[in-house]
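*Asks:* This is the structure, below, for whatever I ask next.
The values are calculated or read from the model by the stated rules, or taken from the named source; none is laboratory data. These numbers come from a predicted model, not from an experiment. Because the Cβ atoms are built from the backbone with ideal geometry, glycine has one as well, and the counts that use them run over all protein chains shown.
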Amino acid sequence: MNIFHMTLDLSSSEIFGFAAATLSTIAFLPQVIKTWKTQSAKDVSYALLLTFSTGCFCWVIYGYQTDAKPVMIANAFTLTLNLAILAMKFTFENESKALSAKD
């Protein structure tokens, strides 16, 4: 009996689901990093961030209701990244306006 032996029994649709989830989520990391480093998200619109966040939230609910774990997990993580960009955009723009008002 080998306790370290584990079998992954994934269908091709599950493999594509996990691949899509991973790639879609990773795609947001460079924008989060760039926004943090430059302290600016002026080129990213509020409309994009809000509609994309709403879409991700809907995907999370869908994934939960249909027991589609890759959909649920990836979109929850992507939603978190997207909300981080939204928060940074709001914060950095307000800081910039406050500094401009002092001048």
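*Asks:* Kindly indicate whether PHE18 is part of a helix (DSSP H, G or I) and at pLDDT 90 or above. Explain how you work it out, then say what you get.
*Replies:* Values: part of a helix (DSSP H, G or I): yes; at pLDDT 90 or above: no.
Considered against the rule, which asks whether it is part of a helix (DSSP H, G or I) and at pLDDT 90 or above, PHE18 comes out as no.
*Asks:* I'm told LYS69 meets every condition in (1) closer than 25 Å to SER13 by Cα; (2) basic (Lys, Arg); (3) touching a residue at least 40 places away in the same chain (Cβ under 8 Å) except one. Can you identify the failing condition by its number?
*Replies:* Checking LYS69 against (1) closer than 25 Å to SER13 by Cα; (2) basic (Lys, Arg); (3) touching a residue at least 40 places away in the same chain (Cβ under 8 Å), the one that fails is (3).
*Asks:* Here's something else I'd like to know. Considering only residues that are more than 14 Å from LEU83 (Cβ to Cβ) and surrounded by 13 or more Cβ atoms within 10 Å (Cβ to Cβ), which ones fall in segment 37-58? I'd like the intermediate steps shown before the answer.
*Replies:* Initial filter on segment 37-58 (more than 14 Å from LEU83 (Cβ to Cβ)): 37-40, 42-43, 45, 47, 58.
Once the filter is applied, which keeps residues that are more than 14 Å from LEU83 (Cβ to Cβ) and surrounded by 13 or more Cβ atoms within 10 Å (Cβ to Cβ), segment 37-58 yields only SER40.
*Asks:* In segment 59-68, is there at least one residue being of a type in the set (Gly, Ala, Ser), surrounded by fewer than 18 Cβ atoms within 10 Å (Cβ to Cβ) and in a helix (DSSP H, G or I)?
*Replies:* Within segment 59-68 (the criterion being of a type in the set (Gly, Ala, Ser), surrounded by fewer than 18 Cβ atoms within 10 Å (Cβ to Cβ) and in a helix (DSSP H, G or I)), the answer is no, since none of the residues qualifies.
*Asks:* Right, something else. Of everything in segment 27-48, what is part of a loop (DSSP other than H, G, I, E, B) and either touching a residue at least 60 places away in the same chain (Cβ under 8 Å) or not aliphatic (A, V, I, L, M) (or both)? Give them in sequence order. Before you say what the answer is, go through the steps one by one.
*Replies:* Kept after step one, since they are part of a loop (DSSP other than H, G, I, E, B), are these residues of segment 27-48: 27-28, 39-45.
Selection gives PHE28, GLN39, SER40, LYS42, ASP43, SER45.
*Asks:* Now for a different question. If I ask for residues that are touching a helix residue (DSSP H, G or I) at 6+ places or on another chain (Cβ under 9 Å) and touching a residue at least 24 places away in the same chain (Cβ under 8 Å), which ones from segment 76-103 would you list?
*Replies:* Within segment 76-103, PHE77, THR78, LEU79, LEU81, ASN82, LEU83, ALA84, ILE85, LEU86, MET88, LYS89, PHE92 qualify.
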